[in-house]
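Note sheet for the following structure.
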Amino acid sequence: MNMTYRVRALSLSGGPSLRKEMAALGVSHQAIPHMADKGQFFLLRAEGLSPVAANILKQDMLSRGGEAAVHAGVIVHQVEKSGVLLMGTLPQYTALIEKLKQQQFGLPRLAEEIQTVLKNQVMLREWQVPYSGGCLELGKRTLVMGIVNVTPDSFSDGGDFFDVERAIQHGLELAAAGADILDIGGESTRPGAALVTAEEELARVLPVIQGLRGKTTVPISIDTYKPEVARAALLAGAHILNDVWGMQWEGDSQHEMAAVASEFAAPIVVMHNQTGTDYQDIMGDMIDFFQRSIDIGLNQGMKREQIILDPGIGFGKTPEQNLEVLARMKELTALGCPLLLGVSRKSMISYCLTGDNTAPIQERIFGTAAAVTLGIQNGADIIRVHDVTEMLQAVKVTDKIVRK
């Protein structure tokens, strides 16, 4: 008998997609949950293991059908420490975790770390983030944060809305266009921009915040790294903090920004930033930065659900590094916090289009939309943009595909 076969590759986004595919195939309903877990593959990286611990971890993972890559010198103890690249399915990791809990050499603690990372990867990524007078519903759809720069020198619209009334009107237009949050900034953070005193920054932003509060119910974010500006803005009616130094600004040695967020129970966007562009491992270094920010917040009495992470595209990164971070942003979901992405009109878009930073600002809209789309695919829950009307279209279409 002549048999005709057809084999094809599948591109499924995770557990729900696997379950749907098996149900369509007619697989037993009782078997589907167990088999779906076997179809989810996870690649994890552990750091700082002794040769003994690394060898045990490798052998335990291999015995369960998974894989573990270690430094070549581990087996003969030629290195003091090694990273381990773990490759396996959810059932393999589950069995590994139970075994590691019975081991020595710090492996029970490693088991807890693996368990936390996996939980953050497979859990339903939805949050309710309360603020004064309301709550951000994150994860069900991508929220749009509209930018209102009350500055004379911002890279994209410097001076356009420096007048208080024009800034208020612009904020109202963004809200009418569909912005879920309005982000008010009084100091340009572009490279080389002049520093602004707290007094000048407050003189710029407070009238705009107060004017908007009387005319819209859209929550207001204050874009500042100065604790005194953050406090005054919250007292004036702002709801959310947006800190480009992630509560680690060198002038905030007492962690006052975290204390302000704790006092007002305000959500805070913690952005990754650094001086210079040198990294040992860019994603690993960023995760270490975010973990310090989270620890600072918790030590000041904040709740973890107040914290939103921003990879800081364009800050302390080369154009190539920005592209790598955007492509690998999903790795940040292991921290268990919502993600905000700000790529609007940035130089990264221009470098993709022209190879340098010469592409006119107003000609970066479609490039921004492409980056926004990829960002949502890679875990962004909020996008921060100038062009709300245009980006809202990109968001709605992407959400229909990604957030099934």
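The listed peptides 98-107, 172-181, ordered by packing as a protection proxy, come out as 172-181, 98-107 (highest mean of other Cβ atoms within 10 Å first). Classification of the range 130-285 by its C-alpha gyration tensor yields a rounded form. The axis ratio a/c (a ≥ b ≥ c) stays under 1.5. One chain, two ends: Ala9 and Gln169. Fully extended at 0.36 nm per residue, the span grows by 52.4 nm beyond their Cα-Cα distance. One Cα centroid belongs to the range 162-235, the other to the range 335-404; the line between them spans 22 Å. When only Cα pairs below 8 angstrom with a gap of at least 6 residues are kept, the chain shows a relative contact order of 12 percent.
Here the chain has 53 percent of its accessible surface on carbon and sulfur atoms, given a 1.4 Å probe and all protein chains in place. Counted over the chain with a bin width of 10 Å, the fraction of Cα pairs per bin, in whole percents, is 4, 20, 28, 24, 14, 7, 2, 0, 0.
Kindly provide the trypsin sites (Lys or Arg not before Pro) of the range 313-366 that DSSP labels as loop, not H, G, I, E or B, and whose Cβ sees at most 15 other Cβ atoms within 10 Å.
Details: sites: Lys317, Arg328, Lys330, Arg345, Lys346, Arg364; in loops: Lys317, Arg328, Arg345, Lys346, Arg364.
Taking the range 313-366 and a limit of 15 other Cβ atoms within 10 Å, the loop trypsin sites (Lys or Arg not before Pro) found are Arg328.
Legend: residues Cys337, Cys352, sorted from most to least accessible area (1.4 Å probe; ligands, DNA and RNA excluded), read Cys352, Cys337. In this calculation the C-beta distance from Thr275 to Lys38 is compared with R0 = 51 Å, giving a FRET efficiency of 0.65.
Residues whose amide H comes within less than 5 Å of that of Ala380, counting only those at least five positions distant or on another chain, are absent (H built at 1.01 Å from N in the peptide plane). Taking every protein chain into account, the accessible area of the chain amounts to 49 square angstrom per residue (probe 1.4 Å).
Estimated from the Cβ-Cβ distance and a Förster radius of 51 angstrom, the FRET efficiency linking Ala203 and Val122 is about 0.60.
Annotation for Glu324 and Glu21: the two label points, set 7 Å from Cα along the Cα-Cβ direction, are 3.1 nm apart. Between Lys396 and Val76, the simple label model (points 7 Å from Cα in the Cβ direction) yields a spacing of 6.5 nm.
The values are calculated or read from the model by the stated rules, or taken from the named source; none is laboratory data. A quick note: this is a predicted structure, and the numbers were derived from the prediction, not measured. Here Cβ is always computed from backbone atoms with ideal geometry, including for glycine, and neighbour counts include all displayed protein chains. Note: areas computed on protein heavy atoms with side chains; ligands, DNA, RNA excluded. Shrake-Rupley method; radii C 1.70, N 1.55, O 1.52, S 1.80 Å.
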